[in-house]
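As structure tokens, the structure follows; a few thoughts come after it.
The values are calculated or read from the model by the stated rules, or taken from the named source; none is laboratory data. Keep in mind it's a predicted model, so treat the numbers as computed, not measured. Don't worry about glycine lacking a Cβ; one is built from the backbone with ideal geometry, like all the others, and counts go over all protein chains shown. Accessible surface is based on the protein model in full, side chains and every heavy atom, while ligands, DNA and RNA are left aside. Shrake-Rupley method; radii C 1.70, N 1.55, O 1.52, S 1.80 Å.
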Amino acid sequence: MSAAPSASVPRDPGLPFAIGERPVLVSHALCPYVQRAVIVLAEKGVDWQRVDIDLSNKPAWFTALSPTGQTPMLLLREGDAVLPLFESAVICDYLDETRAPALHPAAPLARARHRAWGEFASAMLNGIWQLYTAREEAGFLAARDTLRQRCERLESELARRAGGPWFGGAAFSVVDAAFGPVWRYFEVIDPIADTTLCERLPQLQQWRAALAQRPSVRQAVAPDYPGRLREFFARQGGWLGQRVAAAALG
């Protein structure tokens, strides 16, 4: 993460921080979509600033700038104007088009397929939401089974790659950045309620292990992320959160 901006950079009206040449990523500490953008920024060596907000108490400047009210939002200066980019896929594509090295494949069809698999990662994040909000164990298991089916589809796709540990083979891509946050959830969930999602899926296991070791992926969250995520699960009041609470009581 980059340091605080220079005091010589003028502040923008209504913003509690300055925006100069460096982009500002408006973030939430637990948001998996923020992690995608952070990973891509790191892979490209961009000098940037992070501003975290509380999504349960959104600041007025954020709601004024963000059409969706969601994170991430990338703020960029263009002349005297500050322009917001929203939606993580759009932010990652913009960064890939404007900053080297390219993370998407050069060929149009391969690039389109990568973008499609990025959407598949979003579908898996939706499935994870169903997992941790399920009120009963049966709902948790049903969400797990749906995620397992998606993992099996991923295993088939990964079997097509050649020459490297990443989604497309030798080169780390935006798809890898999209899935890094997916697997990070299970670093916290599995010790509480083992989902066995990757059991007997060797390609997926290898890919997940490689992503866990990638510096950009590891450093996309703060050291206190696992504890904060467990607390978040507990606040949801679902079956998984009940197990978190029970474990905390010993």
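Values computed for the structure shown
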read-out: Cα-based Rg of segment 90-157 normalised by 2.2 N^0.38 Å, two decimals; value: 1.45
read-out: Selection from Leu65, Gly118, Ser27 lying farthest towards where the dipole of segment 19-129 points positive, charges on Cβ; value: Gly118
read-out: 15 Å beta-carbon shell around Arg228, net charge (K/R +1, D/E -1); value: -2
read-out: Amide proton proximity set for Arg50, modelled H, under 5 Å, gap of 5+; value: Ser2, Leu25
read-out: Thr98 - accessible surface, heavy atoms, 1.4 Å probe, Å² rounded to 10; value: 70 Å²
read-out: Axial C-alpha extent at least 20 Å, average Kyte-Doolittle at least 0.0 - helices from the chain (DSSP); value: 174-189
read-out: Antiparallel bridges, percent of DSSP beta bridges restricted to the chain (to nearest 5); value: 75 percent
read-out: Debye intensity ratio in log₁₀ form over the Cα atoms of the chain, taken at each q of 0.11, 0.12, 0.16 Å⁻¹; value: -0.63, -0.75, -1.23
read-out: Separation between Cα centres of segment 141-155 and segment 177-250, rounded to whole Å; value: 16 Å
